[in-house]
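Report on one structure; see the data block that follows.
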Amino acid sequence: MSKVKTVLVAGLLGACLTGKAQQHNTSKDYQWPKDSLVTRKLHQWQNVKFGLLMHWGTYSEWGVVESWSICPEDEGWCERKGPYAESYNTYLAAYEKLQTTFNPVLFNPQKWAKAARQAGMKYVVFTTKHHDGFCMFDTDQTDYKVTDPKTPFSSNPRSNIAKEVFSAFRADSFMIGAYFSKPDWHSNDYWWRYFPPQTRNPSYNPAKHPDKWNQFKQYTYNQIEELMTDYGKMDILWLDGGWVRPKNTIDTAVDWQRAIPYDQDIDMPNIARMARKNQPGLLVVDRTVSGEFENYVTPEQSVPAGYLPYPWESCMTLGDSWSYIPKEHFKSTNKVVHILTDVVSRNGNLLLNVAPGPDGDWHTEAYERLQEIGSWMTVNGEAIYNTQGDSLIGEQGHVVFTHKPGATYAIYRSEEGKGSLPATVTLTHIPYQQVKNVSMLGAKQKLTWKQEGQTLVITIPEALLKKLPCKEAWSFKIRY
Ligand code: GLC
């Protein structure tokens with residue numbers, strides 16, 4: 001678990017850890033952007049609240065963890081199983097050979113965009129390249145890519161998968177984000193085969209072999225440049241693999257950062273300059289590297305314990321795994337609604353991961369969940385989108401709050417499997433002189449309510465209790 005044991009900076013709840021997931025800490029030193037175009041996009045992004053993340057690569061063919069099984073660290077999430085597991089080299093060779101069988105013939109990103117839109121999601125982040133280095137886009141920098149003739153899917157007219165995903169979601173008005181792994185375990189300039197790789201880090205010391213490292217920097221720059229020039233309008237560059245960072249940015253209070261042996265300065269100023277020249281206002285998310293190039297912070301598989309005053313996003317899996325696994329166990333709709341309302345009331349965004357399988361489609365249950373989440377969002381979206389988190393009232397039992405000018409939303413969440421609301425709901429610490437009206441989103445019936453000082457008692461009529469507009473949570477709109 002030590003990748004997980006990362007010190008959780010105060011305020012981060014280590015909730016719902018899923019076995020192998022790497023825990024990212026939140027940043028201590030958030031820096032607001034100075035570029036007004038970035039600020040504008042950041043606010044636009046904060047308003048949309050809910051996005052889709054997809055981890056997809058050749059690893060889906062084996063139904064194993066994304067990339068990590070080729071990382072020679074003695075950690076649970078790097079475990080190798082199956083017929084090649086006996087020797088590391090045999091395994092790595094077989095893994096890289098997955099390129100020659102990758103053929104997701106059911107690939108249909110319009111279907112995903114539609115399901116995500118109906119769920120109420122408004123942005124997408126897609127793995128253009130994960131740590132294993134396999135490119136889901138048509139890069140000129142390597143032939144370890146989906147469009148190489150060795151890959152059967154290369155003959156498919158939609159073989160440039162990342163481009164197809166971005167176009168399909170953009171056509172549905174999503175904001176578009178490219179997940180890109182800074183580390184690349186296929187590149188001979190990162191895991192230089194002269195030395196066997198022993199950890200997730202380069203197999204050599206960049207300070208001793210600056211030419212090699214410079215080549216790696218150039219390679220990274222070129223790939224990001226391709227993504228920022230040939231893939232249409234991009235909104236987010238989501239950079240993963242926080243151990244690729246300048247040594248002086250290492251936070252020694254964090255286990256996994258303390259273990260970084262070398263300076264791995266990838267020259268973010270140069271990358272960000274180029275990226276924003278091509279994509280004005282682009283959000284750059286250099287995860288865990290606090291400062292100028294981390295436009296928002298990204299707690300992973302966890303929700304901060306309370307309101308945070310700067311932009312943040314929890315990334316979480318709908319199932320247990322970031323990558324496709326055949327027997328997935330999906331979170332209930334009730335749970336997702338609970339997480340989403342926790343996140344939004346604490347001022348963050350939720351980026352929910354669904355993983356495509358080797359055939360190019362999601363599990364059926366993933367569509368079902370998204371559809372149910374969408375039914376809830378159709379009724380309650382007003383309490384979610386374009387709201388602000390609550391630093392004013394404070395969570396009360398089942399209830400969390402969001403705000404808009406002139407209205408506060410009190411969202412009462414159901415217990416799992418219950419789906420019912422008590423006949424009276426009492427809210428305290430309501431700071432408004434005079435509440436003018438209280439209603440329930442999605443309900444026509446009038447509610448009765450009584451304000452006494454800062455206490456507001458809402459009574460829900462019998463008929464409404466019997467026929468509530470949704471199951472998972474109910475939003476009271478308080479106008480004042
Ligand atoms: C964890 C996983 C990594 C994944 C990331 C997504 O760090 O180890 O593989 O891409 O989470 O947030």
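Here are the numbers for this structure:
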{"quantity": "Hits in region 444-458 (condition: surrounded by 13 or more Cβ atoms within 10 Å (Cβ to Cβ) and touching a residue at least 24 places away in the same chain (Cβ under 8 Å))", "calculated": "LEU447, LEU456, VAL457, ILE458"}
{"quantity": "Candidates ARG287, ARG273, ARG258, filtered to the one that is in the same structural domain as PRO206 (by TED's automatic domain parsing), within 16 Å of the ligand (Cβ to nearest atom) and of a type in the set (D, E, K, R)", "calculated": "ARG287"}
{"quantity": "Selection status of VAL435, among the aliphatic types (A, V, I, L, M) and surrounded by 19 or more Cβ atoms within 10 Å (Cβ to Cβ)", "calculated": "no"}
{"quantity": "ALA171 assigned by TED's automatic domain parsing to the domain that holds ALA113 and over 24 Å from GLU66 (Cα atoms)", "calculated": "yes"}
{"quantity": "Of all residues in region 293-319 being free of Cβ contacts under 8 Å to residues at least 60 places away in the same chain and under 14 Å from the mean Cα position of the chain (by Cα), the one that is surrounded by the fewest Cβ atoms within 10 Å (Cβ to Cβ)", "calculated": "GLY319"}
{"quantity": "Condition check for GLU66: of a type outside the set (Gly, Ala, Ser), within 16 Å of the ligand (Cβ to nearest atom), in the same structural domain as VAL303 (by TED's automatic domain parsing) and over 28 Å from THR147 (Cα atoms)", "calculated": "no"}
{"quantity": "Exclusive hit being at pLDDT 95 or above and closer than 28 Å to SER159 by Cβ, set ASN295, ASN270, ASN347, ASN278", "calculated": "ASN278"}
{"quantity": "Given (1) surrounded by fewer than 23 Cβ atoms within 10 Å (Cβ to Cβ); (2) farther than 16 Å from TYR30 by Cα, index of the condition THR249 fails", "calculated": "(2)"}
{"quantity": "Residue within region 127-134 that is crowded, with 23+ Cβ neighbours inside 10 Å, in contact with a Leu (Cβ under 9 Å, 6 or more places away or on another chain) and closer than 30 Å to TRP376 by Cβ present", "calculated": "yes"}
{"quantity": "Only listed residue being buried (at least 17 other Cβ atoms within 10 Å of the Cβ) and basic (Lys, Arg), chosen from LYS477, LYS466", "calculated": "LYS477"}
{"quantity": "Contacts under 6 angstrom Cβ, first residue in region 33-46 being over 18 Å from PHE174 (Cα atoms), partner assigned to a helix (DSSP H, G or I) and modelled with pLDDT of 95 or more, 6 or more apart", "calculated": "PRO33/THR39"}
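Condition check ((1) in contact with a strand residue (DSSP E or B) (Cβ under 9 Å, 6 or more places away or on another chain); (2) away from the ligand (no atom under 16 Å from the Cβ)) across all residues:
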| site | (1), (2) |
| --- | --- |
| ARG117 | no, yes |
| THR127 | yes, no |
| CYS135 | yes, no |
| THR151 | yes, yes |
| LYS212 | no, yes |
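The values are calculated or read from the model by the stated rules, or taken from the named source; none is laboratory data. Being a predicted model, the structure only gives us computed values, none of them experimental. So basically every Cβ, Gly included, is an ideal-geometry build from the backbone, and we count neighbours across all protein chains shown.
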